[in-house]
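Please treat every number below as a calculation from the coordinates, not as lab data. Note that the coordinates shown come from a computational prediction; the quantities given were computed from them, not determined experimentally. Don't worry about glycine lacking a Cβ; one is built from the backbone with ideal geometry, like all the others, and counts go over all protein chains shown.
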């Protein structure tokens, strides 16, 4: 049986403490060797990774694939194609679909659609409450058994303290994490952007940072006697970073994620009523951007996640107060993280890879023996991303393979890009022809994956 040999690259595998020039050898969809070159075989298929970083496949634990219910904006097929374009080999999709992913049947639906149509691995995050309405606990244990990798009512907060107590207690029994959208609703009713001078100038209702901070503080207090894994989604403000820093220092099982837009943009991007900069949570001040970067640098924030939120052009063209929140992120995230964190010397490459591979794998329990994702360990599935850190390119939304184009980064000149991605050893992305086509490779479309 032929092998694939990825040679001469800088192999960075934070899960195993590897950062070295090495070869990676793949056979039957799994990694069989990482290290010095093996004796070549006549039927070896070689990938020249010189000048590139060879990483475990990138993982995004927070994306919106819109299926079922909003397939005009995105589907599992197009969203996974967007993920592969950005170098992601695993995506975890949020449950704010129609109907919501709030039952065993809905988790199984996502699993089937992923098997049939996905270009990469796709896992479902189940809803905390039925219909994400906050009134009745969803089928937590049944969804866990069906393959849910976490629980969230993302798009809405779990508002009731009593419901949060019940949810944390039940989710703790599954070993999975509760991923909270932190937004106190009475402080944000009608709000469309950060509370501050720009909102005042535009004459719109502002969204105060305390609305995020209050929910995080409340949930951490509730969870002290429960000990569920608690994860804060799309962190946006300095006060929230400090709350999480204190909780982690005290040994609380708390983690948090940052998104590209909160690492690079401020609320001034909304000037002119630009709906492409309308986010939930909103873009905030320069001091908040700096605090989030500092939280990444000191280990308070352990995960990078895009919050990929596609919307049709027609919906984003609505007036600012009526347009939906969110931007697409999968196609552009890696380069934006490089710009925000590596180019500013906030973190180095091994730390960036850690934030995009093993840490999200651990958050979603994808690193264990049943999945083995997030590392380049021998025996692991050959999910691999090869990154050219010097590749120069310009963000052009017209080139995105996803269905939607809602990005505030149009026209930005970037450095660094995924040039090749393998899923279970099969080529899903080959931007510059580094890998020769395999005779058993599937046609463009779904990638056959054993879950």
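A compact table of results
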{"quantity": "Angle between the chain longest axis and helix 286-297 axis [Cα atoms, degrees, rounded to 10]", "calculated": "40 degrees"}
{"quantity": "Under the Debye formula (equal points on every Cα, no solvent term), log10 I(q)/I(0) of the stretch 325-410 at q = 0.13, 0.22, 0.26 Å⁻¹", "calculated": "-0.56, -1.15, -1.23"}
{"quantity": "Ranked packing of 158-164, 15-21, most packed first, by mean Cβ within 10 Å", "calculated": "158-164, 15-21"}
{"quantity": "Fraction of antiparallel bridges per DSSP, the chain only, in percent to nearest 5", "calculated": "55 percent"}
{"quantity": "Computed over the chain: relative contact order in percent, which uses C-alpha pairs under 8 Å that are six or more apart", "calculated": "20 percent"}
{"quantity": "Label-point separation, residue 344 to residue 287 (7 Å along Cα→Cβ), nm", "calculated": "1.6 nm"}
{"quantity": "Residue 112-residue 274 FRET efficiency (beta carbon distance; Förster radius 41 Å; 0.05 resolution)", "calculated": "0.60"}
{"quantity": "Label selected from [x] 41, 29, 18; [y] 34, 24, 21; [z] 40, 33, 23, the criterion being semi-axes √(5λ) of the Cα gyration tensor in Å as computed here", "calculated": "[y]"}
{"quantity": "Segment residue 252-residue 297, extension gain: residue separation times 0.36 nm, minus the distance between their alpha carbons", "calculated": "14.3 nm"}
{"quantity": "Potential lengthening between residue 20 and residue 186 on full extension [0.36 nm per residue; Cα-Cα distance subtracted]", "calculated": "54.6 nm"}
{"quantity": "Span per principal axis, largest first, for the Cα atoms of the stretch 1-151 (Å)", "calculated": "60, 31, 28"}
{"quantity": "Modelled FRET efficiency - R0 60 Å, residue 42 with residue 200, Cβ distances, 0.05 increments", "calculated": "0.25"}
{"quantity": "Exposure proxy order (Cβ contacts within 10 Å, fewest to most) of 383, 388, 343", "calculated": "343, 388, 383"}
{"quantity": "Computed [θ] at 222 nm, deg cm²/dmol, the chain (DSSP H ≥ 4; -39,500 (n - 2.57); rounded to nearest 500)", "calculated": "-7000 deg cm²/dmol"}
{"quantity": "Per-peptide average of other Cβ atoms within 10 Å, ordering 87-97, 168-178 highest first", "calculated": "87-97, 168-178"}
{"quantity": "Nearest-0.05 FRET efficiency for residue 165 and residue 33, computed from C-beta distance (R0 45 Å)", "calculated": "0.40"}
{"quantity": "The stretch 260-313 shape via C-alpha gyration tensor axes, a/c threshold 1.5", "calculated": "oblate"}
{"quantity": "Residue-span extension gain [residue 242 to residue 399] - 0.36 nm each, minus C-alpha spacing", "calculated": "52.6 nm"}
{"quantity": "Shape category assigned to the stretch 1-78 from the gyration tensor of Cα positions, a/c cut at 1.5", "calculated": "prolate"}
